[in-house]
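First up is the structure itself, then whatever we jot down about it.
The values are calculated or read from the model by the stated rules, or taken from the named source; none is laboratory data. Values in this document were obtained by computation on a predicted structure and should not be read as measured data. Note that we place each Cβ from the backbone using ideal geometry, even for glycine, and neighbour counts take in every protein chain shown.
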Amino acid sequence: MLRRIDLANRVSTHSTRQLAELMPRAEVDVTSALQAVHPILEDIRTRGTEAVVDVVEKFDRVRLQALRVEGAEIKKAVQNLDPAVREAYQTSINRVRAFHEAQVVHNKHVEVAPGANVHERYVPVRRVGVYAPGGLAPLASSVIMNAVPAQLAGVDSIALASPAQESNGGLPDSGILAVAGMLGLDEVYAVGGPAAVGMFAYGTDECEPVDVVSGPGNVYVAAAKRAVRGLVSTDAEAGPTEIAIVADRTADPAHVAVDLMSQAEHDPSAAAVLITDSPSLAKAVDIELEERVPDARHNERIHTALTSPQSAAVLVADMDEAVAVANAYAAEHLEIQAVDSHELADDITNAGAIFIGPYSPVSLGDYCAGSNHVLPTGGCARHTGGLSVYTFLRTQHVVDYSSEALREVMTEVVTFAESEDLPAHGQAVAARFQK
């Protein structure tokens with residue numbers, strides 16, 4: 001089922017960039033999507049709420065009387081939760097909170113010389129807009145992954161937006177509303193796609209502008225984030241989900257197959273890549289997929305993703321080549337199922353998240369591992385990490401020098417300033433010690 005890309009004994013002859021170009025990858029044309037998104041954003045910027053209502057009606061077939069969801073509807077969603085689902089949500093919340101609490105940082109103080117003090121303090125942004133997708137699979141889990149780190153960062157004001165669902169009376173998905181209620185989020189908007197990004201960035205008479213927009217979405221959400229970046233900060237520009245699995249002959253082909261299927265289930269554009277030095281494993285995985293995919297609930301979606309150009313089995317000569325290929329690919333999710341999984345993981349530099357061994361599947365990370373599932377896609381793991389408490393913090397440097405400490409470094413400041421032909425910079429120091 002998976003097409004083959006044979007790189008065995010060829011890896012060392014290619015640069016990292018060349019290897020990346022040989023790897024399968026979903027094509028995401030954010031530039032083209034920008035052309036469709038710009039008029040929507042400009043309309044929201046100029047007409048506010050009225051424009052948002054029109055966009056929601058056009059794309060979600062719901063005419064909103066108000067953008068904001070009433071608090072009673074959020075409480076009702078919590079009350080109507082199936083107890084087993086509520087327990088699953090709470091387990092996820094508890095574990096995500098426990099892990100992200102370790103990211104909370106404290107202000108630092110460094111005395112670089114006697115009387116010369118520089119402080120670094122971590123200041124949360126004032127207001128965040130969280131987006132939770134509601135398309136093929138409404139993601140209540142994304143509310144947890146975004147809101148919990150923002151809360152731990154100390155953000156005072158968190159707004160949540162998710163598409164209006166015609167099947168839910170024009171409200172967002174009931175699971176998304178329930179998680180919002182469990183997290184104490186009472187500002188929720190039935191707005192999806194680029195309209196939600198525009199509402200957060202520009203503000204309306206119902207929704208105050210935010211400082212950071214976070215959360216995954218489709219290519220149009222990514223395009224909208226790119227368009228408003230600078231006016232607001234955004235998290236990583238997310239594309240279709242990806243899973244890469246580095247596996248040797250000891251891996252269980254059934255485990256590999258179901259893990260590839262788990263991400264292919266998201267979207268027909270999802271990428272599923274097996275990197276292995278064992279042709280026999282690749283063949284066994286194909287057999288498992290051929291048996292399992294037809295019985296899957298979303299079999300058409302999974303089949304399309306697995307047989308499209310963004311998915312493949314990549315054959316390498318050994319695990320050293322597998323690591324080199326994995327680093328070139330820079331997957332959103334990387335599983336390692338091999339004899340020396342932990343040692344191999346130590347050599348991985350480019351991945352959004354790494355899942356080690358047969359009992360750490362990606363789907364665990366999607367919900368209850370404690371890690372964050374908002375991760376860089378499209379090779380962006382080379383330079384970008386996943387969403388965290390740090391996403392919602394800013395660093396500020398506070399300089400506090402005494403007279404003696406400034407005098408000690410005065411000559412160096414004046415000399416440096418003169419070397420850059422900025423004499424007034426030096427004079428700003430020297431003047432403090434002239435009678």
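Being buried (at least 24 other Cβ atoms within 10 Å of the Cβ) and more than 30 Å from Ile40 (Cβ to Cβ) narrows it down to one of Ala195, Ala224, Ala251, so name that one.
Working: Ala195 fails: more than 30 Å from Ile40 (Cβ to Cβ); Ala224 fails: more than 30 Å from Ile40 (Cβ to Cβ).
The match here is Ala251.
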_Matching entry among Leu387, Leu315 (being aliphatic (A, V, I, L, M), in contact with an Asp or Glu (Cβ under 6 Å, 6 or more places away or on another chain) and farther than 23 Å from Val105 by Cβ)_ = Leu315
_Contacts under 8 angstrom Cβ, first residue in the stretch 360-377 being among the β-branched types (Val, Ile, Thr), partner assigned to a helix (DSSP H, G or I), 6 or more apart_ = Val362/Asp259; Val362/Ser262; Val362/Gln263; Val374/Ser142; Val374/Met145; Val374/Asn146
*For the stretch 295-392, please list each of the strands (runs of 3 or more DSSP E) lying entirely inside it that holds at least 2 residues being outside the structural domain of Gly154 (by TED's automatic domain parsing) and within 16 Å of the chain's Cα centre (by Cα).*
333-337, 353-356
*the stretch 332-385, residues that are surrounded by fewer than 20 Cβ atoms within 10 Å (Cβ to Cβ) and under 22 Å from Pro149 (Cβ atoms)*: Ser360, Ser363, Leu364, Tyr367, Cys368, Ala369, Gly370, Cys380, His383, Thr384, Gly385
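What about Ala317, is it under 19 Å from Asn350 (Cα atoms), out of contact with any strand residue (DSSP E or B) (no Cβ under 7 Å at 6 or more places or on another chain) and touching a residue at least 40 places away in the same chain (Cβ under 8 Å)? Give the derivation first.
Working: under 19 Å from Asn350 (Cα atoms): no; out of contact with any strand residue (DSSP E or B) (no Cβ under 7 Å at 6 or more places or on another chain): yes; touching a residue at least 40 places away in the same chain (Cβ under 8 Å): yes.
Judged against the criteria, Ala317 is not a match.
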_Let me spell it out: the conditions are (1) more than 28 Å from the chain's Cα centre (by Cα); (2) surrounded by fewer than 20 Cβ atoms within 10 Å (Cβ to Cβ); (3) of a type outside the set (Ser, Thr, Tyr), and Leu281 meets all of them except one. Which number is the exception?_
(2)
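Identify all residues within the stretch 78-108 that are small (Gly, Ala, Ser), surrounded by fewer than 12 Cβ atoms within 10 Å (Cβ to Cβ) and either within 25 Å of the chain's Cα centre (by Cα) or modelled with pLDDT under 95 (or both); write none if there are none. Give the steps one after another, and end with the answer.
Initially, the stretch 78-108 is screened for residues small (Gly, Ala, Ser), giving 84, 88, 92, 98, 102.
Still in the running and surrounded by fewer than 12 Cβ atoms within 10 Å (Cβ to Cβ): 84, 98, 102.
Those that are small (Gly, Ala, Ser), surrounded by fewer than 12 Cβ atoms within 10 Å (Cβ to Cβ) and either within 25 Å of the chain's Cα centre (by Cα) or modelled with pLDDT under 95 (or both): Ala98, Ala102.
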